[in-house]
Amino acid sequence: MHTPTRDRVDPNKLNTTPLRRPSWIRVRAPTGDTYEWLQSLVRAKSLHTVCEEASCPNMGECWGAGAATFLLLGDVCTRTCGFCDIKRGQPSPLDWLEPERVAQAVKAMQLKHAVITSVNRDDRRDGGAPIFAMLIRRIRQLHPGCSIEVLIPDFKGSLEALKIVMDARPEILNHNVETVPRLFKTVQPQDRYEWAAATLSHARQLDPEVLTKSGLMVGLGESMEEIKMVMRDQRSWGVDILTIGQYLQPSKQHLPIARYYTPEEFAELKRYGLEIGFQWVESAPLVRSSYHAVEQVRALSVVHRKLYGAAPSDQAR
């Protein structure tokens, strides 16, 4: 087994004079009783969170409010994305008891909305999809009334793996495109734009009542027009919710920041997204996939009730 590492790119190719962080980027340090309680819960149940593994800038705010995004399938990823701080290497076998422990944590936290993501597991043909399905169903049993959002890998575009997750019927199916097609080989060399397109469009086709969601990072060298082109593609795939945030370099071994977008530019992207038909757009420097997730599902379930006759959270599971 390879030793997991966080190295992503050749340090000799990185920008040795990083950009000065602007005044509008302010990260809250994790503190407080709720933060400490949540940290102990995660440790006691041998869980992983993307908040910790990916060095999320909103960890202080979210954990202080009793919210966390759980990371399934271990803490070692089989892909080498240049922006991500999660360890890479050869992962351990799947832990089939993991869904039970996460579901117990969701109940202990009394979450109204649970957000679940994972590393990529390209060592498995199903990409670990059965673990997602097991967890969704177990949360329904242990903590009824809690809505569920899953941020899934692309499963290499596999319809079979995606169907395993969709059959469990989460309220929100999320898959992040992350960047523009021109930068895929640099930013996420083992991903393909067409896999992202297949994941999101097939999710919409498999179950139109499940909200679909996607996200973009900016500041890696893309242009505004390229961002808007991807946004138009995402709408054509049926995406309901979009998140857009500033890329922040986790370490000198990761891709450098090409530039910082201003709050005004994020506001422009939000206006554009709403104009072209997204039902909800979160666009600001520190926005990440699960930011304001509970507000999104609660507000948009009303829209889905009007469109389809019942919101996902209203239906018997």
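Considering each residue of region 118-135, count those that are over 20 Å from residue 189 (Cα atoms) and crowded, with 23+ Cβ neighbours inside 10 Å, and give that number. Talk me through it step by step, then tell me what you get.
Filtering region 118-135 down to residues over 20 Å from residue 189 (Cα atoms) leaves 126, 128-135.
Now narrow it down to the ones that are crowded, with 23+ Cβ neighbours inside 10 Å: 128-129, 131-132, 135.
Going through region 118-135 one residue at a time, the tally reaches 5.
Filter region 273-287 for residues that are closer than 19 Å to residue 209 by Cα and in a loop (DSSP other than H, G, I, E, B) and give the result.
277, 278, 279
Sort out which residues of region 126-143 are of a type in the set (D, E, K, R) and either part of a helix (DSSP H, G or I) or free of Cβ contacts under 8 Å to residues at least 24 places away in the same chain (or both), and write them in order of number.
The first filter runs over region 126-143 and keeps only residues of a type in the set (D, E, K, R), leaving 126, 137-138, 140.
If the condition is that a residue be of a type in the set (D, E, K, R) and either part of a helix (DSSP H, G or I) or free of Cβ contacts under 8 Å to residues at least 24 places away in the same chain (or both), then 137, 138, 140 are the ones that fit.
Return the residues of region 152-198 that are surrounded by 17 or more Cβ atoms within 10 Å (Cβ to Cβ) and touching a His at 6+ places or on another chain (Cβ under 7 Å); say none if nothing qualifies.
152, 154, 162, 196
Considering only region 179-225, state which residues are without any contact (Cβ under 8 Å) to a residue 60 or more places away in the chain, touching a Gly at 6+ places or on another chain (Cβ under 8 Å) and part of a loop (DSSP other than H, G, I, E, B).
The one that is without any contact (Cβ under 8 Å) to a residue 60 or more places away in the chain, touching a Gly at 6+ places or on another chain (Cβ under 8 Å) and part of a loop (DSSP other than H, G, I, E, B): 192.
Does region 65-78 include one or more residues that are in a loop (DSSP other than H, G, I, E, B), touching a helix residue (DSSP H, G or I) at 6+ places or on another chain (Cβ under 8 Å), of a type outside the set (A, V, I, L, M) and at pLDDT below 65?
Yes, there is a match, as at least one residue in region 65-78 is in a loop (DSSP other than H, G, I, E, B), touching a helix residue (DSSP H, G or I) at 6+ places or on another chain (Cβ under 8 Å), of a type outside the set (A, V, I, L, M) and at pLDDT below 65.
Part of a loop (DSSP other than H, G, I, E, B) and at pLDDT 65 or above: which single residue out of 111, 41 fits that description?
Details: 41 fails: part of a loop (DSSP other than H, G, I, E, B).
On inspection, the qualifying residue turns out to be 111.
What residue, of 299, 310, 293, is modelled with pLDDT under 95, within 22 Å of the chain's Cα centre (by Cα) and within 24 Å of residue 135 (Cβ to Cβ)?
Values: 299 fails: within 24 Å of residue 135 (Cβ to Cβ); 310 fails: within 22 Å of the chain's Cα centre (by Cα).
Criteria check complete, one pass: 293.
Suppose the filter is at pLDDT 95 or above, crowded, with 16+ Cβ neighbours inside 10 Å and not aromatic (Phe, Trp, Tyr); does residue 85 pass it?
Details: at pLDDT 95 or above: no; crowded, with 16+ Cβ neighbours inside 10 Å: yes; not aromatic (Phe, Trp, Tyr): yes.
When the stated conditions are applied, residue 85 does not pass them.
Select, from 274, 248, the only residue that is in contact (Cβ under 8 Å) with a residue 60 or more places away in the chain, surrounded by fewer than 23 Cβ atoms within 10 Å (Cβ to Cβ) and not acidic (Asp, Glu).
Details: 274 fails: in contact (Cβ under 8 Å) with a residue 60 or more places away in the chain.
On inspection, the qualifying residue turns out to be 248.
Specify which of the listed residues (155, 184) is among the hydrophobic types (A, V, I, L, M, F, W, C), under 15 Å from the mean Cα position of the chain (by Cα) and at pLDDT 95 or above.
Details: 184 fails: under 15 Å from the mean Cα position of the chain (by Cα).
Within the list 155, 184, the selection yields 155.
Just for region 146-161: of the residues that are in contact with a Ser or Thr (Cβ under 6 Å, 6 or more places away or on another chain) and not charged (D, E, K, R), which one is farthest from residue 246 (Cα to Cα)?
Of region 146-161, the ones in contact with a Ser or Thr (Cβ under 6 Å, 6 or more places away or on another chain) are 147, 151, 154.
Add one more test, that the residue is not charged (D, E, K, R), and what stays is 147, 151.
Values: 147: 27, 151: 19 Å.
So, considering only residues that are in contact with a Ser or Thr (Cβ under 6 Å, 6 or more places away or on another chain) and not charged (D, E, K, R), the one farthest from residue 246 (Cα to Cα) is 147.
Can you tell me which of 163, 156 is assigned to a helix (DSSP H, G or I) and on the phi > 0 side of the Ramachandran plot?
When all the criteria are applied, what remains is 156.
The values are calculated or read from the model by the stated rules, or taken from the named source; none is laboratory data. Small disclaimer: the values here were computed from a predicted structure and weren't measured. Here Cβ is always computed from backbone atoms with ideal geometry, including for glycine, and neighbour counts include all displayed protein chains.
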